[in-house]
Amino acid sequence: MWQPIFHGILDAIMRHRLAPGARLAEEELAQIYGVSRTVVRAALQALARDGVVVTERNKGARVARPTPVEAREIFEARAVIEPEIARLAASHMTPDAASRLRAAIAAEHDALQGDRLTDAVFHSAEFHRIIASLSGHRILREMLGELLSRSSLVVALYWRATDAPCDNHDHLALVSALERGDGERAAILMRDHVATLRETLDLSRAAPDGTSLAAALRPR
């Protein structure tokens, strides 16, 4: 019963409609979703386990706000596990998977061309999630899912707007390596790609202003 709240808040975070540090008032969320505060609390606790929400006694819940150290560690963790995920995915590549990956690339490109930068970040993360789903490794897939959600918070805080959030050429090269079944090449490309993503961050950047819960969670 709490899952729609979980996914609604997570989607708003991933699409940067809820900024890092935004307060998540149980009573307001209960009114928005028409459920009890107990149900809301269960969703917030699940989000806290994934590292995207912080709950504090007597202070309630808020969207997590990664520190520069946490931001660096998140991308260091991605640099460790994503190359292995890409290597494994090469053994499970299918024409349908290639189509889904290319669709994510196209959606990201269209968002960038339309100056919809937060949408571009969302589609970039989707590209990485698809590769993880191909790996056949449940634990690595789940670990990366959490890291991608937390990466969205890092991007909201520290991304340099003058840089593209992801490079389409990197993504296309990855798809080509995966289609060839070249796991070693895919691993190298992924390692370099994550390093490039890390270089788009300015860890001295301040957080943007947030928005209201009702506006952030309104269906798009």
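The values are calculated or read from the model by the stated rules, or taken from the named source; none is laboratory data. What you see is a predicted model, and the numbers here were worked out from it, not measured in a lab. Heads up, the Cβs are rebuilt from the backbone with ideal geometry, glycines too, and the neighbour counts pull from every protein chain shown. Just so you know, the surface numbers come from the protein's heavy atoms only, side chains and all, with ligands and any DNA or RNA stripped out. Shrake-Rupley method; radii C 1.70, N 1.55, O 1.52, S 1.80 Å.
Quick notes on this one:
- Dividing the mean sequence gap of close Cα pairs (under 8 Å, 6+ apart) by how many residues the range 2-65 holds gives a relative contact order of 41 percent.
- Relative contact order of the chain: 30 percent, from C-alpha pairs under 8 Å at least 6 residues apart in sequence.
- Convex hull of alpha carbon positions in the range 2-65: directionally averaged projected area 3.8 nm².
- Per residue, the convex hull spanned by the Cα atoms of the range 68-200 measures out at 85 cubic angstrom.
- Debye, to nearest 20: dipole size of the chain, +1 on Lys, Arg Cβ, -1 on Asp, Glu Cβ: 660 debye
- Computed label-point distance, nm, for sites Glu184 and Val80 using a 7 Å Cα→Cβ extension: 2.5 nm
- Å² per residue, accessible surface of the chain at 1.4 Å: 49 Å²
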